[in-house]
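Reading through the structure tokens given below for one structure.
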Amino acid sequence: MTLGPFLLLVALAFWFTYRFVRPAPPETLVLSSGRAGSIFQATAERYRTLLARNGIRLRIEPSEGSLDNLKRIGDPQSKVDVGFVQGGLVQGGLAKPEEADKVVSLGSIFYAPVAVFYRAKKPIARLSQLDGKSIAIGREGSGTRAIAATLLKANGIQAGGKTTLVDLEGDDAANALVRGSVDAAILTGDSASGANMVRLIHTPGVELFDVTQADAYVRRFPYLSKIELPPGSLDLGKNEPEKPLHLVATTVELVAKPDLHPALSDLLIEAARQVHGRPSLLQKAGEFPAPLEHEYRLSDDAQRYYQSGKSFWYRHLPFWLASLLDRAAILLIPLALLLPGLKLVPTLYIWRVRQRIYGRYGELMTIEREAFEEPTPERRAEHMKHLDDFEARVVRMRMPGWWADELYVLKNHIAFVRRRLETPAAPR
């Protein structure tokens, strides 16, 4: 009874350690990027260089883009651990909500602006004014098409109406607009880069749509963000644009499997901070990565990182050593119980054995006191029987041999009380 509870407590501590201590982080991480030459591919290469400094090998798997990445990460049979996913896939109808539930986000890492270029004699104020035109909205199944279709539908423009929706995206869509093959082109991602924007605004007859209703779009579609291009941001010499220009943008998120090792989660966010934390045309310094939840739940490890940063070991030690100490630290829990217990259990055992002997003295004193308070022969006979029963219980009591002296002292005291009870002239 003394040792059992302690052993049970230690066993529970070891179970807790086995249950919650994580294995060492794998040395290889698989990332699903994007098409060759895309910004996703270029970003993945920068991640690979940074992760290699900590001994992690990043294997890059090219893909068709965001939707392909999402499906790979959500597939339990896939070896892909992490990838880049543009916002709006679920609300745009390309991905199902249950697909988003199978992954977690490590945070948003940069803006993917939605730039609408169009041909017109004078600027337009609303997208609905493109109704009846030919608009390049991206290839079927692409993130660009999902965003474009969502925005156009909100303005009453859908497939099957009088507007011609063309399956062109990127450079093909931009070139078609320059040639006049289409009246408008909706560009995102690589095709909406600063260089491409400058090229198109310098094309005669082509305008960049100023989203004056940006606040309304952001309220209606929470995965969108409002960004502003200040005067001269695209061309200082020609002061393009001449006045502040408003755009909407999705954010690209770093999406991972839910069981991604916490140490690798920290490394990826740290790499994202180094790659995406600098100021650019569309963002301020330190704006990304950011714990913004849109369509994918932010992982617990990512939340912990954004709130408190890297743990003590990872801040001050090399990654491999920090990983070792991080896992070894939890082993101190059972040891913290075991080592003091080696001293406590013998003391507790001695206390319990002594209590079995000394705890009897209270009953013995009660028998003696009651007997001499009522000294009639009948009452003394009852107390004598009580004393006999008491002595029988003491004799049957199992004690370690090395406590025999204490036990026989108790028996001598019983004999002393018996002699007192047998004395006819017992005092009141």
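With the condition being among the hydrophobic types (A, V, I, L, M, F, W, C) and closer than 30 Å to ASP301 by Cβ, I'd like the helices (runs of 4 or more DSSP H) fully within the range 83-197 carrying at least 2 qualifying residues.
Numbers: elements: 97-101, 143-154, 170-179.
Correct list: 143-154.
Scanning the range 67-87 for residues that are aliphatic (A, V, I, L, M) and closer than 18 Å to GLU295 by Cα, which turns out most open to solvent (accessible area, probe 1.4 Å)?
Taking the range 67-87 and keeping what is aliphatic (A, V, I, L, M), we get 67, 70, 73, 80, 82, 85.
Those left that are additionally closer than 18 Å to GLU295 by Cα: 67, 70, 73, 82, 85.
Numbers: LEU67: 33, LEU70: 4, ILE73: 3, VAL82: 0, VAL85: 0 Å².
Once the filter is applied, the top-ranked residue is LEU67.
Can you list residue pairs whose Cβ atoms sit under 8 Å apart, with the first residue in the range 224-235 being within 14 Å of THR212 (Cβ to Cβ) and the second being loosely packed, with under 13 Cβ neighbours inside 10 Å and among the hydroxyl-bearing types (Ser, Thr, Tyr)? Count only pairs 6 or more apart in sequence or on different chains.
none
Yes/no per residue for (1) among the small types (Gly, Ala, Ser); (2) more than 32 Å from the chain's Cα centre (by Cα); (3) on the phi < 0 side of the Ramachandran plot:
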residue	(1), (2), (3)
GLY180	yes, yes, no
LEU200	no, yes, yes
PRO204	no, yes, yes
GLU207	no, yes, yes
ASP215	no, no, yes
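Output the number of residues of the range 156-179 satisfying the condition of being farther than 21 Å from GLN86 by Cβ and open to solvent by less than 40 Å² (accessible area, probe 1.4 Å).
Counting residues in the range 156-179 that are farther than 21 Å from GLN86 by Cβ and open to solvent by less than 40 Å² (accessible area, probe 1.4 Å) gives 4.
Taking the residues in the range 396-411 that are surrounded by 10 or more Cβ atoms within 10 Å (Cβ to Cβ) and in a helix (DSSP H, G or I) as candidates, determine which candidate is nearest to the chain's Cα centre (by Cα).
Residue satisfying both the conditions and the ranking: TRP403.
Taking the stated definitions as given, is GLU140 without any contact (Cβ under 8 Å) to a residue 12 or more places away in the chain, among the charged types (D, E, K, R) and either within 21 Å of LEU245 (Cβ to Cβ) or open to solvent by 40 Å² or more (accessible area, probe 1.4 Å) (or both)?
On the way: without any contact (Cβ under 8 Å) to a residue 12 or more places away in the chain: no; among the charged types (D, E, K, R): yes; either within 21 Å of LEU245 (Cβ to Cβ) or open to solvent by 40 Å² or more (accessible area, probe 1.4 Å) (or both): yes.
No: the conditions fail for GLU140.
Working only within the range 178-201, note down all residues that are among the hydrophobic types (A, V, I, L, M, F, W, C) and more than 26 Å from VAL252 (Cα to Cα).
Restricting attention to the range 178-201, the residues satisfying the condition of being among the hydrophobic types (A, V, I, L, M, F, W, C) are 178, 182, 184-187, 192, 195, 197-198, 200-201.
Across the range 178-201, the qualifying residues are VAL178, VAL182.
Restricting the search to the range 48-73, which residues are touching a residue at least 60 places away in the same chain (Cβ under 8 Å) and under 14 Å from VAL255 (Cα atoms)?
Matches in the range 48-73: GLY65, SER66, LEU67, ASN69, LEU70, ILE73.
In this structure, does ALA120 turn out to be aliphatic (A, V, I, L, M), touching a Ser or Thr at 6+ places or on another chain (Cβ under 8 Å) and open to solvent by 10 Å² or more (accessible area, probe 1.4 Å)? Quick ask: steps written out before the conclusion?
Details: aliphatic (A, V, I, L, M): yes; touching a Ser or Thr at 6+ places or on another chain (Cβ under 8 Å): no; open to solvent by 10 Å² or more (accessible area, probe 1.4 Å): yes.
No, not satisfied.
Taking the range 14-58 on its own, how many of its residues are part of a helix (DSSP H, G or I) and modelled with pLDDT under 65?
Of the range 14-58, the ones part of a helix (DSSP H, G or I) are 14-20, 39-52.
From the residues that got through so far, the ones that are modelled with pLDDT under 65 too are 14-20.
So the answer is 7.
How many residues, within the range 268-293, are under 27 Å from VAL30 (Cβ atoms) and either of a type in the set (Asp, Glu) or open to solvent by less than 20 Å² (accessible area, probe 1.4 Å) (or both)?
So the count comes out to 12.
Determine whether ARG315 is open to solvent by 70 Å² or more (accessible area, probe 1.4 Å), modelled with pLDDT of 70 or more and either of a type in the set (D, E, K, R) or not in a helix (DSSP H, G or I) (or both). Full working, then the answer.
On the way: open to solvent by 70 Å² or more (accessible area, probe 1.4 Å): yes; modelled with pLDDT of 70 or more: no; either of a type in the set (D, E, K, R) or not in a helix (DSSP H, G or I) (or both): yes.
Criteria not met by ARG315.
Can you tell me which residue among GLN307, GLN355 is modelled with pLDDT of 70 or more and within 30 Å of GLU27 (Cβ to Cβ)? Spell out how you get there, then give the answer.
Details: GLN355 fails: within 30 Å of GLU27 (Cβ to Cβ).
Going through GLN307, GLN355 in turn, the sole match is GLN307.
Conditions first: (1) part of a loop (DSSP other than H, G, I, E, B); (2) touching a residue at least 24 places away in the same chain (Cβ under 8 Å). LEU254 passes all but one, so which condition is the exception?
Result: LEU254 passes all but (1).
Look at the range 26-43 and say how many of its residues are surrounded by 22 or more Cβ atoms within 10 Å (Cβ to Cβ) and either polar (S, T, N, Q) or under 22 Å from the mean Cα position of the chain (by Cα) (or both).
First, pick out the residues of the range 26-43 that are surrounded by 22 or more Cβ atoms within 10 Å (Cβ to Cβ): 29, 31-34, 40, 43.
Those left that are additionally either polar (S, T, N, Q) or under 22 Å from the mean Cα position of the chain (by Cα) (or both): 29, 31-33, 43.
Of the residues in that region, 5 qualify.
Tally time: how many residues in the range 227-245 are touching a helix residue (DSSP H, G or I) at 6+ places or on another chain (Cβ under 8 Å), closer than 19 Å to LEU127 by Cβ and either buried (at least 21 other Cβ atoms within 10 Å of the Cβ) or at pLDDT 95 or above (or both)?
0
The values are calculated or read from the model by the stated rules, or taken from the named source; none is laboratory data. These figures come from a predicted structure and were not determined experimentally. Ideal geometry is used to build each Cβ from the backbone, glycine not excepted, and the neighbour counts take in all protein chains shown. Surface accessibility is based on the protein's heavy atoms, side chains included, excluding ligands, DNA and RNA. Shrake-Rupley method; radii C 1.70, N 1.55, O 1.52, S 1.80 Å.
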